[in-house]
Each structure stands twice: as structure tokens, then as C-alpha cells.
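> To start, I am sharing the structure in question, which I have written as C-alpha cells.
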Amino acid sequence: MNTLITMTIIGPLLAAAAGMAFRRSARLRDISTLTGVASAAIASFGMLWQVSSNGATAVRVGAWNPELGIVLVVDLFAALVLPVALSVILVVEIFAFGQRRTAWGANPELTGPLLSVLTAGVSLAILTGDLFTLFVAFELILVSSYVLLTHQGQREQIRSGMTYVVMNLLASTLFLFGLAIVYAATGTVNIALLAERIPDLSEGVRIGIGMWFLVVFGTKAALFPLFSWLPDSYPTAPTTITAVFAGLLTKIGIYAMIRFHTLTGMDDLGPVLLIVAGITMLVGALGALAQNDIKRILSFHVISQIGYMLMGLGLFSVAGTTGAILFLVHHMPVKTVLFLVGGLIENHQGTSALDRSGGLVRSRPLIAFLFAIPALSLAGLPPFSGFVAKLAVIDAGVEGLSTSIVVCALVAGILTLLSMTKIWLGAFWGPSPETGSSTTSTALNRKIMTGATMLAVGGTLTISLFAGSIFDLSQEAAIQLINEDSYITLVLS
Amino acid sequence: MITGHSPIARLGVQVATPLAIVVGVYLLFAGHNNPGGGFAAGLVFGAVISLRTVTGLQRPSYANELLAAGVLVVAAVALAPVLIGNSLLDQGIISVDLPFLGTVKSGSALPFDIGVTAIVIGLMLAVLDGLGAADLGDSTEVKLGEKRP
């Protein structure tokens, strides 16, 4: 287990260093960064296998005791989310190899090493057992994301990049203050110790801490009303970057929220979370309807879908948390695939604006097929993973007698289907644009890009196929989170 | 630009450089048990480098190499204990009796700190290069004692 953890965190960092050292030689650089991410992904699957067969483990970094040092905790929740997150990055890296020589490609000299650093940050954020290391991991992710978002230096990117940087810096500062507050109140930042000590605090302090971290993680997760940075900044970046960000970054925020708020027993915040969740769902879905660009529609849906995960969390029941975890696992690959398909369309037609594209069903039936599956899954139609995830969340809502949030979720689901139909009508049916395709890519590049997308669609189908066993694992993970005793004994003993 | 307007700034930075480097080296070695450390040392060195850049003085120019080497050293120190079966980032401590200095205690935290310093300096250089800070220094080259045109 020690080696596997090392491979997921130090591996990508080493790969980033190698990628930087081999800056001049494209082949060596690509091989080293790809190896780093691939080995991390493989190691994370090994972790999932080990945890599901032998139970959770906690590793004390530098053999310090948890009061003082850093603990990396591989419980079922972490082991379930990590492989999905790392596979998403891996697929996008492969896609990037195909896309780089086109006009929409990101600069490979930067993206290779920086995506590796981002991978290390994601692994650290998922595995860490204390809030300060979580802060460091967030910073690792954010610093590389600032560069990835704006490195092409186009006017739009810099403009929306400013909002992105300012909002996230603000959230990071609040995070740091929050750490000070937590430390002052409890004398620790270790999550297991906090799970022991926070329930004993006076009600005001406890709820204050919960709300504070709701704002901090909520900004990263793009909850209502803190989402304004997302739909502006995501669509301006190169497709590969947007795909990683949309698939992962907001999800890391919601992951941290699920871990922190369940383990520290913030059940009192349930109603607040549910209200925010309902508004987030509806605002995201309605915002998407008003857009006329594939990437912008999909960006608004990132927000809408976060609402579902928050709803699952806000119910503070085993069923609800199960739903939230399942939704997280389903959502990461599906969202990434949709953005990758958006990239394919952009590459084929020269634009991702709906009114200037059309006729893809006839000219590129494969792209239409690759879009249809994740789109139906996102809208929550059976038999895809989205259906199982939504059903789990809504079922938990019915069980928890929260009727209004269930109605919100269903309405948002219909709106999602509507805007997916809008993309379908705009990009796939109708006449082809007169301008024709303006692709600058070679056949090989297209093959790599399509291949990577097919791989990702295969991944989402695999999740649909094994939805039953993933549901069981999510349920077990949810039980571990809601009954925090097992987590506490795992870390402290 | 800045040099052109102010030879004082340039001379000041020139004089302060060795002093600041001594402070940086002190922080680097003190970091293990006292306030300081690789990051703080890197910031001091970075400040020196930025000041030298904007006043048009010589400075190192191998940002990527420093970044890569720093990460490699840090990762190697973090990984080494795993290879011999201890936990990640575990450290070894040695203490040596040296003439004049007395008992010196150090360990694997020292190369780790040096790696961190290299990363910070490398990052600082990369940022300066990225922002084109060197232009501030060499737009008007005016040597001390020379009359400006």
C-alpha cells in the first residue's frame, strides 16, 4: 500500500520534473509525463482492489503520530474516487497528443508537466487525512490550473482567467482563515481528531465552522451563488484543459465537502445544503438552456450536476451519501467525455457555436454516436450510469421526505435533457454549414483524438455495466463516512 | 529603465547581494529546528534575483533546470525511505563532531530543503522570464560614473 500511495503522489511529480528536464525533446517529454499519469492510474486501481478486499489503511507520513504529522488515508471513499479521477486525466492526456497540432491544441511544453503536477495534487487532495495538507493539495491543483487556463494568452482567456484567479485566491484565503479557526477551537487540523472533537463544541462554533467550510469548498465546487467564475472561464481554455477542469476540479471541492461535513457530523446544516443544492441545480440547468455554444452549455451543466451531489450530501443519511458518491463517480468521466466530444466537433467544424454547425450525423456519424451515449447518461436515462446515480439520489430524497428538493431534481433533469436535445439539434441534425470543415489536423491526430474519446465512452459504459457493484461499494463508503468511528480508529490507532 | 534612472538602486543591490545570500544560507541551515527552512531561503534568494533582474545585474538563467533538479531531489528524498521499507518521507538523522563547529546534527531533511530552495528559485526565474522582467534592466545600459546621453 505504501508503494501504491507513493506512485499516485510522487510518481506524477517525478514525471513533471522529467518532463521539464526533457523540454527540448518532445518524445521523451511525452513518454515521461504519460508514464507518470498512467502509473498513478494503475496504482489507484490497485488501491481500490486492496481496499475492497483487505479493508482501509492509513499511512503515517514520516512515521509521525497523527496529532503532529500528515496521515494519508485510503478508505473506501478515497479508493473509489481516485481511480476514476486519474483515469480521466489519463484519457485526456492521450486526447491531447492528438489535439496539439491543431489550432485548439494546448502548448504541450507546458501542459505535459503541469497536468502531471495537477495529477499529484488531485491524488493528494483525495488521500489526505488532514485539512492543512488538503489546503496544500488545493493550491497545487490551483496554481497549475491558473497557468493551464491562461497560457495561450488570448484576450478572452486572460479576462475570464482574472475572475477565476481572484475567486479562487479568495477561497484559498478563506480556507486558511478557516484552518486557523478550526485549530483555535479544537487544537488540531487532523480530520479524524476533528471528527472526535467538533461534535463536543458549542453549537454556534460548530455551525460556524460548518458554514465557513461550506463557503470555502462551495467556491471550489461552484455552488450557487459562488459559481460565477465557472461558466466564463472554462469554455475559453483549450478543450483538453476544460475537459480535465470540468471533470475534476469542482468535483474535488464536493469530495472535500462530503468528507469533511459527514465525518464531523454537520447534520444541522442539512436544510441549508438542500436549499443551496436545489437552487444550484435549477440555475445551472436554466443557464445552460440560454447558451448557444456547446462548451458553454456543458459548463453550465457542471454547476447543475454539482447540485445533485450536494443534495445527496445534504440529506445526511446513508442512502443520500451513497447517492452523492455514486453521482461523483458517474459524473467525472461523463462530463469529461462530453467536453472531449465538444473538442472533436470543434476540430471538425472549426467552431463550437451551435448556430454555425450542423449535419454531423451524416458527415461524422461516429462523433454523433460518441456524443449520444454520455449525453443520455448525463440526462439520466436508463440504462446508463446517470440513471442509476440520479435514481439513488432521488430515492434517498423520497426516503428522507424532502419533497421539494426531489421536485427540483426532477425538473432539473428534464431541463438537462432539453439542452442536450438542443446540442443534438444544433450540431448533429440540420444542414451542414456552408463554410465547411476548417480542420488543420492530420488523419493520425484525428484517430488519436477519436480513440481517446472512444476509450472514455467505454469507461462510462463500464461504470454503467458495473453500476450494481459500484453502488454496493458506495454504500459501504457512505456507511464508513456517516458512522465516523471506523475512520477515527483507522487513523488514530 | 530603473538603472537608467537610479544608479543608487543598482549599487545598493550590488552591495546587498552577498549579505542577503548569507541570510538565505543561514535560513536554509537553521530551518530544521528553528524558524527558517528551504522555502524561506528560496524566497530570500528569489528576492535577490528579482532585484538583480530589474536593476540589470547578472543573474542565473537556468529556470527549468533548477525546477526539474529541485523536484527530482525532493522526490528522491521522499522516496528513499519507501525503498528500504520505511514510510514515505521518513528521515534519517546523523550527528558529527567537527572541529570549530562542535557537534553538528543534520539529516535527510537538509537535501530536501535544498531541493525546495531550488524549486523556489527556479519558479522565481521562470516567472521573471515569463513576465519579461529582464527588459526593465537592460533597456538603457548606464555604467556608474558615466554621463547619461
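> What does the average come to when, for each residue of peptide B:58-71, you count the partner chain Cβ atoms lying within 10 Å of its Cβ?
Across B:58-71, the average partner-chain Cβ count within 10 Å equals 3.
> Can I ask one more? Give the separation of the Cα centroids, the range A:299-338 to the range A:156-180, in Å.
So the separation of the two Cα centres works out to 23 Å.
> Whose amide H sits under 5 Å from the amide H of residue B:31, counting only residues 5 or more places off or on another chain, with H placed in the peptide plane?
Residues meeting the amide H criterion: B:37.
> Using the Kirkwood formula on the Cα atoms of the range B:5-89, what hydrodynamic radius do you get, in angstrom to one decimal?
15.0 Å
> Sticking with this structure for a sec: Got a number for carbon plus sulfur as a percent of the protein assembly as shown's accessible area, 1.4 Å probe?
69 percent
> Also, quick follow-up: Cα-Cα pairs above 12 Å in the range B:1-55: how many percent?
The calculated P(r) of the range B:1-55 puts 63 percent of pairs beyond 12 Å.
> Please compute the per residue accessible area over the range A:2-492 with all protein chains in place, 1.4 Å probe, rounded to a whole number of Å².
With the other protein chains kept in place, the range A:2-492 gives 34 Å² per residue.
> Could you tell me the relative contact order of chain A? Use alpha-carbon pairs under 8 Å, at least six residues apart, and round to a whole percent.
With pairs under 8 Å counted, the relative contact order is 17 percent.
> Right, another one. Over 21 Å between C-alpha atoms is what I'm after, so list which of A:220/A:422; A:335/A:422; A:295/A:422; A:220/A:295; A:295/A:390 land there.
A:220/A:422; A:295/A:390
> Which of the trypsin sites (Lys or Arg not before Pro) found in the range A:12-106 are loop residues per DSSP with 14 or fewer other Cβ atoms within 10 Å of their Cβ?
Qualifying residues, ordered by number: A:24, A:101.
> From the P(r) of chain A, could you give the percentage of C-alpha pairs in the tail past 36 Å?
The calculated P(r) of chain A puts 24 percent of pairs beyond 36 Å.
> How far apart, in nm, are the 7 Å Cα→Cβ label points at residue A:24 and residue A:414?
Between residue A:24 and residue A:414, the label points sit 6.4 nm apart.
> Let me ask another. Would you be so kind as to identify which of B:127, B:17, B:31 lies farthest towards the positive end of the dipole of the range B:2-135, taking Lys and Arg as +1 and Asp and Glu as -1 on Cβ and the Cα centre as origin?
B:17
> Shifting gears a bit: Hey, for a label at residue A:429 modelled as a point 7 Å past Cα toward Cβ, could you say which residues of the range A:297-312 have their backbone N under 11 Å away?
Once the point is set 7 Å along Cα→Cβ of residue A:429, nothing inside the range A:297-312 turns out to lie under 11 Å by backbone N.
> I would also like to ask the following. Over the range B:2-135, give the accessible area per residue in Å² for a 1.4 Å probe, as an integer.
Averaged over the residues of the range B:2-135, the accessible area is 54 Å².
> Computed on protein heavy atoms with a 1.4 Å probe, what is the summed buried accessible area for the chain pair A and B, in Å² to the nearest 100?
It comes to approximately 1300 Å² buried between A and B.
> Using a simple spin-label model with points 7 Å from Cα along the Cα→Cβ vector, what separation in nm is obtained for residue A:366 and residue A:279?
If labels sit at residue A:366 and residue A:279, their model points lie 4.6 nm apart.
> Only loop residues by DSSP count here, and only those with at most 11 other Cβ atoms within 10 Å; note down the GluC sites (Glu not before Pro) in the range A:82-144 that meet that.
none
The values are calculated or read from the model by the stated rules, or taken from the named source; none is laboratory data. Values in this document were obtained by computation on a predicted structure and should not be read as measured data. FYI the Cβ positions are ideal-geometry reconstructions off the backbone, even for glycines, and counts take in every protein chain you see. Side chains are part of the model used for accessible areas, which takes the heavy atoms of the whole protein and leaves out ligands, DNA and RNA. Shrake-Rupley method; radii C 1.70, N 1.55, O 1.52, S 1.80 Å.
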